[in-house]
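Here is the structure we will look at.
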Amino acid sequence: MCGIAGYIGKNQAAPIILDGLSRLEYRGYDSAGIAVFDGERIRMAKAAGRLSVLKELTDNGRALPGCCGIGHTRWATHGRPCDENAHPHMNRENTIAVVHNGIIENYRKLREKLERKGYVFSSETDTEVLAHMLTEYYRGDPVEAIEKVLHRVEGSYALGILFLDHPHHIYAARRDSPLVVGVSGEEKFIASDVPALLEHTRTVYYMENEEIATLSAGNIRFYSLDGELLSKKPVTVEWDISAAQKGGYAHFMLKEIHEQPSALRDTIFPRLKDRRIDLDDLGLSEEKIRRLRRISIVACGSAYHAAVVGKYVLEALARIPVETDLASEYRYRCPICEPDSLVIIVSQSGETADSLAALRDAKARGSRILAIVNVVGSSIAREADCVFYTGAGPEISVATTKAYSCQLAAFYMLAAEFARVRGAIGADRFCGLLAALKRLPAQVRELLGCQEKIQFLANRYLAADHIFFMGRGIDYAISLEGSLKLKEISYIHSEAYAAGELKHGTISLIEEQTPVVAVATSDRLYPKTLSNIVEVKTRGAMVLALTTPGHEDLARTADYVLFVPETEPLFMGSLSIIPLQLFAYYVSLGRGLDVDKPRNLAKSVTVE
Ligand code: F6R
């Protein structure tokens with residue numbers, strides 16, 4: 001959601017910034033812009049639409065010469081996507097340029113005040129108030145002006161700012177929207193996310209909330225909002241550039257689907273030690289685990305679907321009551337946080353606004369927070385009491401695949417270890433779970449071999465207007481995710497139902513040729529789900545069913561059957577989701593859509 005890239009150094013800034021922005025395209029955007037200091041003035045170009053429009057407008061950056069600049073991809077919140085509302089925003093004198101991610105919540109009041117003082121606005125955005133406020137408070141010292149402005153704004157921001165008076169500097173600041181500063185000798189960078197920098201450096205500073213940075217070729221300084229000089233240490237990013245490139249795949253989504261075996265290995269294997277699952281870094285002592293009375297899992301979107309699987313697995317193994325909540329609901333519902341309870345926040349990006357707000361709310365109520373997060377150093381990771389990092393590596397495609405799979409693995413490990421410590425399972429069962437965990441990456445690799453068959457099946461669904469997914473237990477939790485995957489990238493209306501719930505309303509929508517995807521991998525629930533499949537077949541549905549070997553009889557009922565290998569029943573979701581991810585991918589591909597960047601969606605949802 002919005003992307004910032006900035007560069008200062010000895011090379012031409014605009015091509016580097018445009019390249020950085022293109023690596024942030026996955027975040028979602030609808031217009032883009034750039035401002036560069038050309039030796040005399042700050043020159044700006046911006047355009048609605050894809051980055052290619054801006055590239056054409058600026059002759060790939062060549063039309064904006066200069067070695068210091070900032071750029072932005074905008075995902076519209078305040079004001080429609082158009083040239084005027086695209087960032088950067090400048091003051092009337094063209095001496096200050098601002099790019100901004102986040103929302104200035106009190107912008108209306110601030111705008112009215114500025115208008116009364118004679119400032120003239122040229123956009124509908126909340127961001128433009130910042131350019132005019134900086135003009136109002138600037139007396140020769142940019143940091144002082146930034147401090148004064150930021151003390152007066154409410155809401156979230158990651159900012160890149162140029163001052164004409166200080167032409168060889170970039171100024172940056174953040175609160176609740178991510179921003180990293182990169183260093184490579186005399187070259188300095190700002191970016192919303194690490195992939196924008198990987199081409200140039202792996203040495204980064206993660207900016208903390210309410211910090212200001214000044215970047216020049218010579219040095220970087222960090223200040224608090226009160227002007228105090230801060231000392232910060234750079235971090236070396238483990239990800240390499242290949243992780244943020246397509247590597248021969250047609251789309252990032254397909255590449256990331258295929259990266260799941262290694263992502264799972266990187267998530268699981270470092271924690272398997274001496275016949276136990278090493279959670280020592282989480283600071284959850286065995287005593288604390290034994291005392292746990294309740295777990296609340298809070299997340300959004302696919303991460304929430306991982307939470308639903310987590311609930312089934314934790315309750316089944318560790319016998320701890322678990323509730324799941326959508327973060328956007330949790331944060332406004334006055335949840336009860338008892339002593340000896342644990343709140344688990346799940347997030348790939350670690351920046352999702354609702355999940356972050358839920359974390360803060362739960363923390364303020366005295367809960368201990370465990371975050372399951374993929375992006376190291378992200379806001380959720382920093383604010384949680386302890387972090388279980390998933391090893392998915394950078395996920396670029398908007399539709400999550402490998403991060404979701406790693407979240408499932410994280411829940412399996414928490415559940416198995418909690419169960420062992422609490423004595424809810426015996427040593428044999430625990431060893432069986434460990435063995436199943438170790439087998440998962442190879443089983444996922446094997447399943448990826450069914451790609452062609454799934455493409456063949458997906459092509460039969462290209463013209464569908466609606467699709468229903470159904471399953472029971474973990475198969476239902478996987479249906480939720482399979483359905484979301486499909487709808488977000490194919491734009492086909494899709495809903496997931498607990499199979500037993502269909503009869504209570506939804507079955508009235510089933511008619512001749514209505515497509516239904518039935519997930520029936522649970523041996524225990526198979527007869528029940530089979531009955532539900534028969535019920536929709538009887539009403540004319542066209543059924544694609546997923547099941548495990550031993551249920552060959554399903555071919556007599558369903559139109560198409562896909563078999564997934566067997567594993568520990570509680571871990572089945574890790575296998576059954578693979579064909580569903582591929583199914584969504586191929587339906588989207590077959591419909592000629594932009595698989596990696598579906599319309600209206602952003603990778604990192606940093607606004608409410
Ligand atoms: C769907 C998807 C989203 C995210 C959701 C939460 O494919 O990716 O539903 O799961 O926006 O994002 P994170 O995990 O970054 O908090």
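Where a number appears in this text, it was derived from the coordinates with a stated rule and is not lab data. What you are looking at is a predicted structure, and each value in this text was computed from that prediction instead of being measured. Cβ atoms come from the backbone with ideal geometry, glycine included; neighbour counts cover every protein chain shown.
One chain, two ends: Ala435 and Asn11. Fully extended at 0.36 nm per residue, the span grows by 147.4 nm beyond their Cα-Cα distance. Distances between placed amide hydrogens fall under 5 Å for Cys67 paired with Ala13, all partners being 5 or more residues away or on another chain. Once the Cα atoms of helix 142-152 and of the chain are each reduced to a long axis, what angle between those two axes, in degrees from 0 to 90 to the nearest 10, is obtained? Its long axis makes an angle of about 50 degrees. Compared with the dominant principal axis of the Cα atoms in the chain, helix 427-447 is inclined by about 70°. Annotation: peptides 295-308, 82-95, ranked by per-residue average of other Cβ atoms within 10 Å with the highest first, follow the order 295-308, 82-95.
Calculate for the chain the 222 nm mean residue ellipticity that helices alone would give, adding -39,500 (n - 2.57) per DSSP H run of length 4 or more and normalising by residue count, nearest 500 deg cm²/dmol. Let's see the in-between values first.
Values: 18 runs with 206 residues, N = 608.
Computed ellipticity for the chain at 222 nm equals -10500 deg cm²/dmol.
With the contact rule set at Cα under 8 Å and sequence spacing of 6 or more, what percent relative contact order holds for the chain? Don't jump to the answer; show the numbers that get you there.
On the way: 1367 pairs, mean separation 72.2, N = 608.
Taking the mean separation of contacting Cα pairs over the length of the chain, I get 12 percent.
Rounded to the nearest 20, the size of the Cβ-charge dipole of region 13-154 about its Cα centre is 140 debye, with Lys and Arg at +1 and Asp and Glu at -1.
Please get the size of the charge dipole for region 3-243, origin at its Cα centre, with Cβ charges of +1 on Lys and Arg and -1 on Asp and Glu, quoted in debye to the nearest 20. Could the numbers behind the result be given before it?
Values: 28 positive and 34 negative charges, 50 e Å.
In debye, rounded to 20, region 3-243 gives about 240.
Relative to the longest principal axis of the Cα atoms of the chain, helix 353-364 runs at roughly 80 degrees. Note on the chain: dipole from Cβ charges, positive end direction compared against Ala47, Phe468, Ser22; the farthest Cα belongs to Phe468.
Phi angles of region 122-128 translate, via the Karplus equation with coefficients 6.51, -1.76, 1.60 and θ = phi - 60°, into HN-Hα couplings of 10, 9, 9, 7, 6, 5, 4 Hz per residue; Gly and Pro are given as x.
For a test of the definition: using alpha carbon positions, the gyration tensor, and the 1.5 limit on a/c, classify region 316-457 as rounded, prolate or oblate.
Working: a/c = 2.18, a/b = 1.25, b/c = 1.75.
In terms of gyration-tensor shape, oblate.
Which one of Ile345, Phe252, Gln443 has its Cα pushed farthest toward the positive end of the charge dipole of region 246-447, where Lys and Arg give +1 and Asp and Glu give -1 at the Cβ? After comparing all options, I get Gln443. Computed extension length for Tyr560-Tyr491: 22.6 nm, one decimal, from 0.36 nm per residue of separation with the Cα-Cα distance subtracted.
What dipole magnitude, in Debye to the nearest 20, does the chain give about its Cα centre under +1 on Lys/Arg Cβ and -1 on Asp/Glu Cβ? Before the final figure, lay out the partial values.
Working: 71 positive and 77 negative charges, 134 e Å.
Approximately 640 debye in magnitude.
Distance between the modelled labels on Asp385 and Arg275, one decimal in nanometres: 3.1 nm (7 Å Cα→Cβ projection). Where both bridge residues fall in the chain, DSSP classifies roughly 60% of the beta bridges as antiparallel.
Across region 3-243, Cα pairs under 8 Å and at least six residues apart give a relative contact order of 20 percent. Taken over region 3-243, the convex hull of the Cα atoms encloses 108 Å³ per residue. Which of the listed residues, Ile170, Val298, Ala498, is farthest toward the dipole's positive end in the chain, when Lys, Arg count +1 and Asp, Glu count -1 at the beta-carbon? With unit charges placed on the Cβ atoms, the residue in question is Ala498. Each peptide in 332-339, 315-322, 353-360 receives the mean, over its residues, of other Cβ atoms within 10 Å, and ordering these scores from highest gives 353-360, 315-322, 332-339. Length available on full extension from Ala427 to Arg139: 0.36 nm per residue minus the Cα-Cα distance, which gives 96.7 nm.
Stokes-Einstein diffusion for the chain, with the hydrodynamic radius set to the Kirkwood value over Cα pairs and evaluated at 37 °C in a medium of 0.692 mPa s, equals 129 µm²/s. With θ taken as phi - 60° and the Karplus curve 6.51 cos²θ - 1.76 cosθ + 1.60 applied, the whole-hertz 3J(HN,Hα) list for region 261-275 is x, 6, 5, 5, 4, 5, 7, 8, 5, x, 9, 8, 9, 6, 6 Hz, x standing for glycine and proline.
Would you mind checking Lys46/Lys597; Lys55/Lys402; Lys255/Lys485; Lys363/Lys603; Lys453/Lys603 for any pair whose Cα atoms are more than 23 angstrom apart? If you can, show how the numbers build up before the last one.
Numbers: Lys46/Lys597 21 Å; Lys55/Lys402 31 Å; Lys255/Lys485 16 Å; Lys363/Lys603 26 Å; Lys453/Lys603 29 Å.
As for pairs spanning more than 23 Å Cα to Cα, those are Lys55/Lys402; Lys363/Lys603; Lys453/Lys603.
Within the same chain, lysines fewer than 8 places from Lys232 are excluded, and of the rest, those with a Cα less than 17 Å from its Cα are Lys188. Computed over region 496-553, the alpha-carbon pair-distance distribution with 5 angstrom bins reads 4, 19, 33, 24, 13, 5, 0, each value a whole percent.
Of Arg290, Arg420, the sequence from fewest to most neighbouring Cβ atoms within 10 angstrom is Arg290, Arg420. Ordered by the number of other Cβ atoms lying within 10 Å of each residue's own Cβ, fewest first, Glu481, Glu511 fall into the sequence Glu511, Glu481.
Each part reduced to its alpha carbon centroid, region 1-77 and region 353-421 end up 33 Å apart.
Mind listing which trypsin sites (Lys or Arg not before Pro) in region 1-64 are in a DSSP loop and have 11 or fewer other Cβ atoms within 10 Å? Write down the numbers at each step before the final one.
Numbers: sites: Lys10, Arg23, Arg27, Arg41, Arg43, Lys46, Arg50, Lys55, Arg62; in loops: Lys10, Arg23, Arg41, Arg50, Arg62.
Here the trypsin sites (Lys or Arg not before Pro) that fit, given the DSSP loop and packing criteria, are Lys10, Arg62.
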